[in-house]
Amino acid sequence: MSRRWTLVTGASSGIGRELARLFAADGDNLILLARREDRLLELEQELEAAHGIDVRTLDVDLADPAAPEAVFNWTVEQGIAVHTLVNNAGFGARGRFATLPADLLDEMVRVNVSAVTGLSRMFLPGMLERGEGGILNVASMAAFQAGPYMGVYFATKSYVLSISEAIHEETLGRGVTISVLCPGPVATEFAEVADIEGSRLFKNARDVKSVALDGYRGYRAGRLIVIPGIFNQLGIFFSRFAPRAMTRKISGKLHRVGA
Ligand SMILES: NC(=O)c1ccc[n+]([C@@H]2O[C@H](COP(=O)([O-])OP(=O)(O)OC[C@H]3O[C@@H](n4cnc5c(N)ncnc54)[C@H](OP(=O)(O)O)[C@@H]3O)[C@@H](O)[C@H]2O)c1
């Protein structure tokens, strides 16, 4: 039996690396994508040895607007039909919108939004033609409200949630699964990259393995929105009844930086 191929972006650390391990344990061949190739090669060795699968690595910067098409063309050249696309790569930055570097914000939109859109648009038609496979996007609990002092990050994650819901609706009954994982704070390199390590939000950050497992199981079960943790689920449920002015104020208090 030929094995399925799963492409995981941001597989060099955190949630992406754990998701890659879960797909590998299930017998999928893997394409691991990120910029830090040394880490990808380490993971490739680990997963090939542990599961006897075929693993390829792609050292790609998803901030490059040409990346999605280049990645898709590479899979065509390799004769690989991607069964599952995991759009996990992403990053945040804490600071005031007016003072965070404009090029950093632009890069964030290109990685968190444009690459997710481009890769999904490239790979989805093949999945629909074959009537199988799907896309697991990684958004965040940040997707559900505005986030003062991390405004662009929150907005990018709202986009990921929204586009996931839309594609899910458009493809119902076509044999593909669209899922979107929306974690709260998770213990990965994210907080350091986003300069939010000291935030009280991250004092009770969830374990990365359990978050990835929730996402993996949710996707395999065909669930659209996956929120790890009962308290996070309740928080999102009740936040629907709160005015947006209130949720954005609370969010701003949690991320506030000095003048
Ligand atoms: N940790 C949290 O609290 C949390 C909560 C909710 C949602 N999330 C989301 O979860 C996803 C994974 O984050 P994480 O927590 O696992 O953080 P992480 O440990 O920092 O991992 C981020 C991954 O994204 C990759 N990446 C970043 N920029 C890239 C680029 N330009 N091109 C290619 N790959 C790039 C990184 O690889 P390289 O640096 O090697 O390129 C890395 O593998 C993100 O979308 C994040 O927004 C995280």
task = Of all residues in region 195-224, count the ones that are hydrophobic (A, V, I, L, M, F, W, C), within 11 Å of the ligand (Cβ to nearest atom) and closer than 14 Å to C182 by Cβ.
result = 2
key: Members of region 211-238 found to be in contact (Cβ under 8 Å) with a residue 60 or more places away in the chain, assigned to a helix (DSSP H, G or I) and closer than 15 Å to Q145 by Cα, listed by number   = N232, G235, I236
ask   = Mind checking which residues of region 197-218 are of a type outside the set (K, R) and modelled with pLDDT of 95 or more?
value = D207, V208, S210, V211, A212, L213, D214, G215, Y216, G218
message = within 12 Å of the ligand (Cβ to nearest atom), not in a helix (DSSP H, G or I) and not acidic (D, E): which single residue out of L136, L100 fits that description?
response = L136
query = Is it true that some residue in region 57-65 is away from the ligand (no atom under 11 Å from the Cβ) and more than 25 Å from E189 (Cα to Cα)?
reply = no
inquiry  = Yes or no: region 146-158 includes at least one residue that is among the β-branched types (V, I, T) and assigned to a helix (DSSP H, G or I).
reply    = yes
key: R36 in contact (Cβ under 8 Å) with a residue 12 or more places away in the chain and more than 7 Å from the ligand (Cβ to nearest atom)   = no
task = Tell me which residues, restricted to region 124-133, are of a type outside the set (G, A, S) and either touching a residue at least 24 places away in the same chain (Cβ under 8 Å) or not in a helix (DSSP H, G or I) (or both).
result = L124, M127, L128, R130, E132
ask   = Restricted to region 193-222, and to residues that are in contact with a Ser or Thr (Cβ under 7 Å, 6 or more places away or on another chain) and surrounded by 18 or more Cβ atoms within 10 Å (Cβ to Cβ), which residue is nearest to R130 (Cα to Cα)?
value = Y219
query = Are any of the residues in region 174-192 crowded, with 18+ Cβ neighbours inside 10 Å, assigned to a loop (DSSP other than H, G, I, E, B), in contact with a helix residue (DSSP H, G or I) (Cβ under 6 Å, 6 or more places away or on another chain) and small (G, A, S)?
reply = yes
inquiry  = For the structure I just gave you, tell me whether Y159 is of a type in the set (F, W, Y), surrounded by fewer than 20 Cβ atoms within 10 Å (Cβ to Cβ), more than 10 Å from the ligand (Cβ to nearest atom) and within 14 Å of the chain's Cα centre (by Cα).
reply    = yes
task = For A67, indicate whether it is surrounded by 20 or more Cβ atoms within 10 Å (Cβ to Cβ), out of contact with any strand residue (DSSP E or B) (no Cβ under 8 Å at 6 or more places or on another chain), touching a residue at least 12 places away in the same chain (Cβ under 8 Å) and closer than 21 Å to G133 by Cβ.
result = yes
inquiry  = Suppose we filter I167, I227 for residues that are within 16 Å of the ligand (Cβ to nearest atom) and not charged (D, E, K, R); which single one remains?
reply    = I227
ask   = Among E77, E107, which is closer than 30 Å to R130 by Cα, of a type in the set (D, E) and out of contact with any helix residue (DSSP H, G or I) (no Cβ under 8 Å at 6 or more places or on another chain)?
value = E77
ask   = Among V152, V180, which is the only one that is in contact with a Leu (Cβ under 6 Å, 6 or more places away or on another chain) and within 20 Å of F23 (Cα to Cα)?
value = V180
inquiry  = Just checking, does region 25-35 include any residue being surrounded by fewer than 19 Cβ atoms within 10 Å (Cβ to Cβ), touching a Phe, Trp or Tyr at 6+ places or on another chain (Cβ under 9 Å) and over 25 Å from A191 (Cβ atoms)?
reply    = yes
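The values are calculated or read from the model by the stated rules, or taken from the named source; none is laboratory data. These numbers come from a predicted model, not from an experiment. Neighbour counts run over all protein chains shown; Cβ positions are idealised from the backbone, glycine included.
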